[in-house]
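Written below as structure tokens is the structure these notes are about.
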Amino acid sequence: MSPRIFTAIVAALGTGTAIALQSTMNGRAGAVIGPVHTGLLVNAIGGAMAATIVACIAAVAALSSGAVSPVRLSGHEIQAGRILSWIAIAGALGILIIMGVAFSVQGVGVTAGLAAIIVAQLIAGLLIDRVGGSGSAAIAVDWRRIAGVALMFGGVWLLVPRG
């Protein structure tokens, strides 16, 4: 296994753990204040934290260069129009995601709720991969990938509480 693949798997496992923890907290908050308020507040607080971090990075970059110039993040200059539109859409989707998680885990529990969310992510991912929508080369949809998603769907069916 290449170091790149190993790192990606470790990152995915860490992300999955964070999603499970966040989903639990969103579900608890959603039960008290409702999923809509939970989605809006979580994203507002997260957005404020992110804006503060970006502002600090921009300030350090401006001070270190001696002039105000485009900020470079991860080796790329910020291209305001295109990047900000992607970020705005992602932020709006983040609100919907948190609302959906808060609602679903209340109804079927964290395990079944996240499993259903993951299956939906896999189905969407197959379609996005097929057209190369993530910026990488298109990946064919073959029987193995379809079977993998079908098996995951079967797992969701087994995890949903009965009665």
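For the stretch 43-77, the candidate set comprises residues that are modelled with pLDDT under 65 and hydrophobic (A, V, I, L, M, F, W, C); within that set, the residue that is farthest from GLN121 (Cα to Cα) is ALA67. Taking residues in the stretch 79-95 that are within 26 Å of ILE117 (Cα to Cα), and partners anywhere that are surrounded by 10 or more Cβ atoms within 10 Å (Cβ to Cβ) and at pLDDT 70 or above, the pairs with Cβ atoms closer than 7 Å and at least 6 places apart or on different chains are GLY91/ASN43; GLY91/GLY47; GLY94/ASN43; ILE95/GLY39; ILE95/LEU40; ILE95/ASN43.
Based on what the data block shows, is ALA18 surrounded by 10 or more Cβ atoms within 10 Å (Cβ to Cβ) and either within 15 Å of ILE118 (Cβ to Cβ) or in contact with a Pro (Cβ under 8 Å, 6 or more places away or on another chain) (or both)? Yes, satisfied. On the basis of being at pLDDT below 85, of a type in the set (A, V, I, L, M, F, W, C) and surrounded by fewer than 10 Cβ atoms within 10 Å (Cβ to Cβ), does ALA80 make the cut? For ALA80, the condition - at pLDDT below 85, of a type in the set (A, V, I, L, M, F, W, C) and surrounded by fewer than 10 Cβ atoms within 10 Å (Cβ to Cβ) - is met. Taking the stretch 128-154 as the range and being surrounded by 13 or more Cβ atoms within 10 Å (Cβ to Cβ) and either aromatic (Phe, Trp, Tyr) or under 20 Å from VAL110 (Cα atoms) (or both) as the test, the residues that pass are VAL149, MET152, PHE153. The set of residues in the stretch 126-163 that are closer than 24 Å to THR24 by Cα and in a helix (DSSP H, G or I) comprises MET152, PHE153, GLY154, GLY155, VAL156, TRP157, LEU158, LEU159. Against the numbered list (1) under 25 Å from ALA112 (Cα atoms); (2) exposed (fewer than 13 other Cβ atoms within 10 Å of the Cβ); (3) among the small types (Gly, Ala, Ser), GLY125 comes up short only at (2).
The values are calculated or read from the model by the stated rules, or taken from the named source; none is laboratory data. Keep in mind that this is a model prediction, so the values were computed, not measured. As a convention, Cβ positions derive from the backbone with ideal geometry for all residues, glycine included, and neighbour counts pool all protein chains shown.
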